[in-house]
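Chemist: Below: one structure in C-alpha cells.
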Amino acid sequence: MYFSKLINNYHLSGFNKKFFQKNINLKKKKILVEFYEFTPTTIPFSYFANILAKKYDAEINAYRINFYTFNDKIKFFVKQFIFNYRNLYKSFGSKKIILPEVDKVSEKEKKYILNLIKKIKTKNDLLNLKFKGIPIGDYLYDEYLRSFNKITINLETDHFKNYLLHSLKLTNFWFNKLDPKYIKSVIISHTAYLIGLIGTIAIYKKIPTYRVSLSSCFYLTKKNPKQFSNFHEYPSIIKRIDKKVKNPQIKQAKKKIIKYFLKKDLKILKKPKNNNNNNLNVLVSAHCFTDAVHVHGIKNCFSDYYEWIDYIGKTSLKSRHNWLIKLHPSEYDNNLKNMNYFLKKYPHLKLVKKNTKNLKLINNIDVVLTVYGTVGREFPLFGIPVINASTCGPHSGYKFNHHFDNIHKYNKAITNLQKYTKNFKIDKSKVLEFYYLRYCLDFSFLFNSKYINEINENLRIKNLHPHSVSEIWLKDIKSAVHLNIFDQVKEFINSKQYRFTANNNDEYSSFIKLNE
C-alpha cells in the first residue's frame, strides 16, 4: 500500500509539473489551499489554486488548520517525506505549508475569549456562538464530537472547557491571519468541523472561498456558507435548467433508483394498508452519532443525535406503537456501542438486525423518523411518510417529506403519527427531480457524473483504495481534456455562481450557468 501511494503521488506530481506554470517570484498576495492528505482531491485543488493565483497575481500556499507544536512539526514533515505529499503540493505551485503555532493571545483578545466562554450556558448557546460576528458554533460542536468520539457535549467538564479555549484561540489566530489585503482566496475540502472554520471566517472577511472536491465544488457565501446548503431552492432551480440538459438525466435518475433501491418499476409501488392504525410500526433511521451533525446547518429540533434519540426514547414509553431502530451503517460497531445505552434505558426501542436493507422493511413500516437522512427519498415512493427533525436537510424543498425545526411542533407530530399515515400521497416525479438535482448536476473532474458514480460504486463494492481514482484519472487525461477542464473551472470562478453545475449528458462535464 505504501509503495502504491508513493508511486501514485509521484506520477501525479509529474502531471502537475508538466501542465501548471510555476511563478518563481514570491508575492505578498496569497491563495491558501488546505493541505489535505487525500491524493484524488489534489486534482481539483491544483486547477482552482492555479486559476485563482493567476487571477489575483498571487502565490499559492498550503496550510493546516490546527496548532502545531515543535514535535508536531517534526512528525508532520517526516510523514510528508515518506508519502511525498509535500512535493505533490509543490508540483502544482505551492511555495510553502503554513503550520499554525500556538499563538500568543493579547490581554484584550484573552479577555474577549473568556467573556465568550462565560456566555455559553447551554448546547444551543454553543451552536449559536459567534466570534466577532462570525457564526462558528456548529464547527466547534461537530469537531468535539468527532475528535473525541463523543455523542453529546457536557459543557461542565474540564475536558470540554479546555477544548473550547483551544478552539477559540485557534479561531483568533485565523481571524488575524486572514487579512483580505494579502489573502485573496481560500480553498477548503469540507465545510464541517474545524476544517470548515477557516472557510466561514474567510467568507465573513469577504475573501472568495471555495469548497472543492472531485465530484462537487461550491463558491461559498454568507447566504450559502456550506456545501449543498440551498436545498430549499431546488424547486426553483429545476425551472432554470434547459429541458435538453435535465430530461435525459432525470430519466437516468429513475433507472438508478430502480437499480440500487427499488428493484422494480415505480408504477407498481404499493404498500399494504395497516389495519391497526393505532399501533404503528415506526422506523427510526438513526444517524452516525459523531459524523458532522450540523453538516447542513443548525435549523434542527435538537442540538445533536443524542438529544434526538433520547427524545424519541421518552416518547416511546408513552406510546403503543412499535419503535424500530436502524443504525447507520457507517461505523456500525461504534454506533451500536452508543445505541446500547438507549436500548437499555428505553426498552420499547427494538434494534433492527445489522445489514438489513431498507427495501426489506417496506412491507412492515408505517412511518419513518429521521433528522435529514436519505430515507427521505426512498420510503415516500412506497406511500410511507418520512418526518424530519430538521428544516435544512436535503429534502427540505419538497413536500414528499415533513420537516420541523421547532421541538413543540415536532412533538405534536410524533405523538400523533396516525395523522401522517392517513391518505399519504406524493408526486413521485418530484423524487426523481430531487435525485437529479442532488446527485447528477455537479461538474465532475472524472469526466461526467455517470462515470464518477460508477467509480464510487467500485470503490465501495470492490474495496478499491481511493488512490485508484487518481490512477484512473492519470491514465485517461489528455492535454485537450486538461485545457478544457481549466477553461471550465475558470468560467465557474468568474461566474461567482454558488454551485459548479454541469451538463453531464456527454462524455465530459461542461459548466452550465444558471440564471439567478
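The values are calculated or read from the model by the stated rules, or taken from the named source; none is laboratory data. What you are looking at is a predicted structure, and each value in this text was computed from that prediction instead of being measured. As a convention, Cβ positions derive from the backbone with ideal geometry for all residues, glycine included, and neighbour counts pool all protein chains shown. What goes into the accessible areas is simple: the full protein's heavy atoms, side chains included, and nothing from ligands, DNA or RNA. Shrake-Rupley method; radii C 1.70, N 1.55, O 1.52, S 1.80 Å.
Chemist: Among the residues of the stretch 436-494, which ones are modelled with pLDDT of 75 or more, under 26 Å from Ser330 (Cβ atoms) and of a type in the set (Gly, Ala, Ser)?
Modeler: Ser444
Chemist: Another question about this same structure. Check off (1) β-branched (Val, Ile, Thr); (2) open to solvent by less than 60 Å² (accessible area, probe 1.4 Å); (3) modelled with pLDDT under 95 for Ile268 and give me the number that stays unchecked.
Modeler: (2)
Chemist: Given the options Leu126, Leu170, Leu164, Leu114, name the one that is in a helix (DSSP H, G or I), exposed (fewer than 13 other Cβ atoms within 10 Å of the Cβ) and touching a helix residue (DSSP H, G or I) at 6+ places or on another chain (Cβ under 9 Å).
Modeler: Just one listed residue meets the conditions, Leu114.
Chemist: Counting only residues that are surrounded by 14 or more Cβ atoms within 10 Å (Cβ to Cβ) and of a type outside the set (Phe, Trp, Tyr), how many does the stretch 129-160 have?
Modeler: 16
Chemist: Here is a follow-up. Output yes when any residue across the stretch 224-232 is out of contact with any Leu (no Cβ under 9 Å at 6 or more places or on another chain), at positive phi and in contact (Cβ under 8 Å) with a residue 12 or more places away in the chain, and no when none is.
Modeler: yes
Chemist: A further question follows. Could you grab me the full set of residues in the stretch 187-209 that are open to solvent by 10 Å² or more (accessible area, probe 1.4 Å) and closer than 18 Å to Lys29 by Cα?
Modeler: Result: Ile203, Lys205, Lys206, Pro208.
Chemist: Select the helices (runs of 4 or more DSSP H) contained entirely in the stretch 302-387, then report the ones holding at least 2 residues which are open to solvent by less than 40 Å² (accessible area, probe 1.4 Å) and hydroxyl-bearing (Ser, Thr, Tyr).
Modeler: 305-317
Chemist: Taking interchain pairs and intrachain pairs at least six residues apart, which have beta carbon atoms under 7 angstrom, with the first residue in the stretch 414-431 and open to solvent by 40 Å² or more (accessible area, probe 1.4 Å) and the second hydroxyl-bearing (Ser, Thr, Tyr)?
Modeler: Thr415/Thr315; Lys430/Tyr398
Chemist: Looking at this structure, is Lys184 outside any loop (DSSP other than H, G, I, E, B), surrounded by 18 or more Cβ atoms within 10 Å (Cβ to Cβ), touching a strand residue (DSSP E or B) at 6+ places or on another chain (Cβ under 8 Å) and not hydroxyl-bearing (Ser, Thr, Tyr)?
Modeler: The answer is yes for Lys184.
Chemist: Where in the stretch 1-86 are the helices (runs of 4 or more DSSP H), entirely inside, with at least 3 residues that are modelled with pLDDT of 75 or more?
Modeler: Numbers: elements: 2-19, 42-56, 70-83.
Ranges flagged: 42-56, 70-83.
Chemist: Based on this model, can you work out whether Phe92 counts as more than 30 Å from Ile298 (Cα to Cα) and aromatic (Phe, Trp, Tyr)? Break it down into steps so the answer makes sense when it comes.
Modeler: Details: more than 30 Å from Ile298 (Cα to Cα): yes; aromatic (Phe, Trp, Tyr): yes.
Yes: the conditions hold for Phe92.
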